[in-house]
Amino acid sequence: MAKVTQPLTDDSIQVRQVSHYQFSWVPGEPGQNGTYTLQLVLDQGAWEEVLTLTADDADALQDLFVAQGTVHYDIRRRVLLFGVKSPGS
């Protein structure tokens, strides 16, 4: 078994699976655009992340979430990973 030089903690895990997601919209000032947010619940609530989006990004991400069975999120790089497949599949 490999030795781990530092303790493995919850914060050490950098890529997590998206368990649930929720889009929200906050209205702007009169005559101004509102703000879309996307809340990600990762690994059944072990971590949460909130992203601020444009309307176009929110629309595109909604389509990707519906189309993909599994989505991961890289916390450090703030990157959503769609269509993750195992080698050889």
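What do you reckon, is E48 charged (D, E, K, R) and part of a loop (DSSP other than H, G, I, E, B)? Against the criterion (charged (D, E, K, R) and part of a loop (DSSP other than H, G, I, E, B)), E48 does not qualify. Just to verify a result, which residue in the range 63-89, among those that are out of contact with any Ser or Thr (no Cβ under 6 Å at 6 or more places or on another chain) and among the aliphatic types (A, V, I, L, M), is nearest to Q44 (Cα to Cα)? Here the answer is V71.
Between Q6, Q39, Q32, the distinction of being part of a strand (DSSP E or B) and of a type in the set (S, T, N, Q) belongs to Q39 only. Within the range 27-42, the residues that satisfy the criterion of being crowded, with 16+ Cβ neighbours inside 10 Å and closer than 22 Å to G83 by Cα are L38, L40, V41, L42. Kindly indicate whether S24 is loosely packed, with under 14 Cβ neighbours inside 10 Å and of a type in the set (G, A, S). When the stated conditions are applied, S24 passes them. In the range 9-23, the residues that are farther than 21 Å from A58 by Cα and modelled with pLDDT under 95 reach residues that are surrounded by 11 or more Cβ atoms within 10 Å (Cβ to Cβ) and not hydroxyl-bearing (S, T, Y) with C-beta atoms within less than 7 angstrom, at least six apart or across chains, in these pairs: D10/A46; Q14/D74; Q14/I75; V15/H72; V15/D74. Looking only at the range 51-89, count how many residues are among the acidic types (D, E) and either surrounded by 12 or more Cβ atoms within 10 Å (Cβ to Cβ) or not in a helix (DSSP H, G or I) (or both). Here the count works out to 3.
When each of G45, G69, G83, G31 is tested for being in contact with a helix residue (DSSP H, G or I) (Cβ under 9 Å, 6 or more places away or on another chain) and either free of Cβ contacts under 8 Å to residues at least 24 places away in the same chain or not polar (S, T, N, Q) (or both), the lone residue that passes is G83.
The values are calculated or read from the model by the stated rules, or taken from the named source; none is laboratory data. Just so it is clear, the structure is predicted and the values come from calculations on it, not from any experiment. Cβ coordinates were reconstructed from backbone atoms using ideal geometry, including for glycine residues, and neighbour counts include every protein chain displayed.
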